[in-house]
1. Go through (1) open to solvent by 60 Å² or more (accessible area, probe 1.4 Å); (2) farther than 17 Å from Gly162 by Cβ one by one and return the number of the condition Tyr125 breaks.
2. Do you know which residues across the range 1-49 are small (Gly, Ala, Ser) and at pLDDT 75 or above?
3. Can you tell me which residue is most open to solvent (accessible area, probe 1.4 Å) among those in the range 94-121 that are in a loop (DSSP other than H, G, I, E, B) and at pLDDT 95 or above?
4. In the range 78-93, which residues are of a type in the set (Gly, Ala, Ser) and either closer than 15 Å to Thr161 by Cα or open to solvent by less than 50 Å² (accessible area, probe 1.4 Å) (or both)?
5. How many residues are in a strand (DSSP E or B) and open to solvent by 20 Å² or more (accessible area, probe 1.4 Å) if we restrict to the range 128-155?
6. Can you work out which of the residues in the range 33-60 that are open to solvent by 40 Å² or more (accessible area, probe 1.4 Å) and among the acidic types (Asp, Glu) is farthest from the chain's Cα centre (by Cα)?
Amino acid sequence: TSETTVNDNLTVTGTTTFTSAQVGQRLTIRNITDNVDLTAAESGKLCVFVDADGALVRLPDSGDGSLVGVYYDFYVADQLTSGYYNIKCTDTTNEAIIGFLHFCDIDTNPAVSEYIWRALASDSYDQIAMNGTTTGTVGTFFRITNIAADKWMVNGSLMATGTPATPFVAN
């Protein structure tokens, strides 16, 4: 009937029963309906694009190296009617997005995965821009993780219609 916090090893002998216990961590969702600046405290959130007019999400500045391990998942749930779904580094001079995105061309039947777009450190990409067709549409899902000061790694799958094109942008 009371809460107990254990800050060391705990050995339990016998039968243990959990009643109304939350085990593990629940996924936290943030619906993206406008331009937002993510914070390190939001690491692990699933950011869902749900505004048909597009939105810009800025990643926190990772220049001091304190964000290593911070990550965000992104999912496109709503079809764009105008604008873009953008994920952008705050410091477009020093920060870079590296990694790859696998594209599935959903115009073909059955859908054929034909494209992989890569982003190398030498490319100086600092943004992912999805236009609702060739550079990412509904069903797109990927993760961005801070792996070092000024370095964000991306991997995941983008759905595309038309002829897929790179979603990576260098400003």
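The values are calculated or read from the model by the stated rules, or taken from the named source; none is laboratory data. Only a predicted model underlies this, so the values are computations on that prediction, with no experimental measurement involved. Cβ coordinates were reconstructed from backbone atoms using ideal geometry, including for glycine residues, and neighbour counts include every protein chain displayed. Side chains included, ligands, DNA and RNA excluded: accessible areas come from the protein's heavy atoms. Shrake-Rupley method; radii C 1.70, N 1.55, O 1.52, S 1.80 Å.
1. The number of the failed condition is (1).
2. Those that are small (Gly, Ala, Ser) and at pLDDT 75 or above: Gly14, Ala40, Ala41, Ser43, Gly44.
3. In the first step, residues of the range 94-121 are kept if they are in a loop (DSSP other than H, G, I, E, B); the result is 94-95, 106-111, 120.
Restricting the remaining residues to those that are at pLDDT 95 or above gives 94-95.
Values: Asn94: 95, Glu95: 6 Å².
Ranking the qualifying residues of the range 94-121, first place goes to Asn94.
4. Applying the first criterion (of a type in the set (Gly, Ala, Ser)) to the range 78-93 yields 82-83.
Across the range 78-93, the qualifying residue is only Gly83.
5. From the range 128-155, those in a strand (DSSP E or B) are 128-130, 137-148, 151-155; that's our starting set.
Narrowing further to those that are open to solvent by 20 Å² or more (accessible area, probe 1.4 Å): 138-139, 141, 143, 145, 147-148, 151, 153, 155.
Residues in the range 128-155 being in a strand (DSSP E or B) and open to solvent by 20 Å² or more (accessible area, probe 1.4 Å): 10 in total.
6. Filtering first and then ranking leaves Asp53.
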